[in-house]
Amino acid sequence: MNEAELILMVVKIWGGIGALVAVAFLTFGMDRLDEDAQGAYVFRPLIVPGVLLIWPLVLWRWYILADGKDEWSKRYRPRRRAHHMVALIMPIAIVLVIAAGLAARQTWPTDVAPVQLSEPAQ
């Protein structure tokens, strides 16, 4: 089995498990966890692709919410100091990277004539 076949097999297994989780969650789990989703059957096919991709997270959140282990007080805590610092540093870093890229940009030589690589199509 080469690498391409292995990758394809892993993707098929991941998608198959994701499809089973999507069917189970959208049929049984969503109504129990979210009272706003009860009877919202047109909405459910829209989230199938997301559930197929992140099915481990869906299973984990389903387990946490079904058992009542979710701590609402910790969910909406204020930002940590590190998050605040990153939020300040990131825009500055982005501007510096763009400025460095523009400063290092090479200019086109004006004394070189353009060369045609192939004959025009007829």
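A few notes on this one:
- Among the residues listed as L26, L20, L59, L46, the single one being under 21 Å from the mean Cα position of the chain (by Cα) and exposed (fewer than 10 other Cβ atoms within 10 Å of the Cβ): L46
- Looking at the stretch 25-75, none of the helices (runs of 4 or more DSSP H) lying wholly inside it contains 3 or more residues that are in contact with a His (Cβ under 8 Å, 6 or more places away or on another chain) and closer than 21 Å to W14 by Cα.
Where a number appears in this text, it was derived from the coordinates with a stated rule and is not lab data. Worth saying up front: this structure is predicted, and the values here are computed from it rather than measured. As a convention, Cβ positions derive from the backbone with ideal geometry for all residues, glycine included, and neighbour counts pool all protein chains shown.
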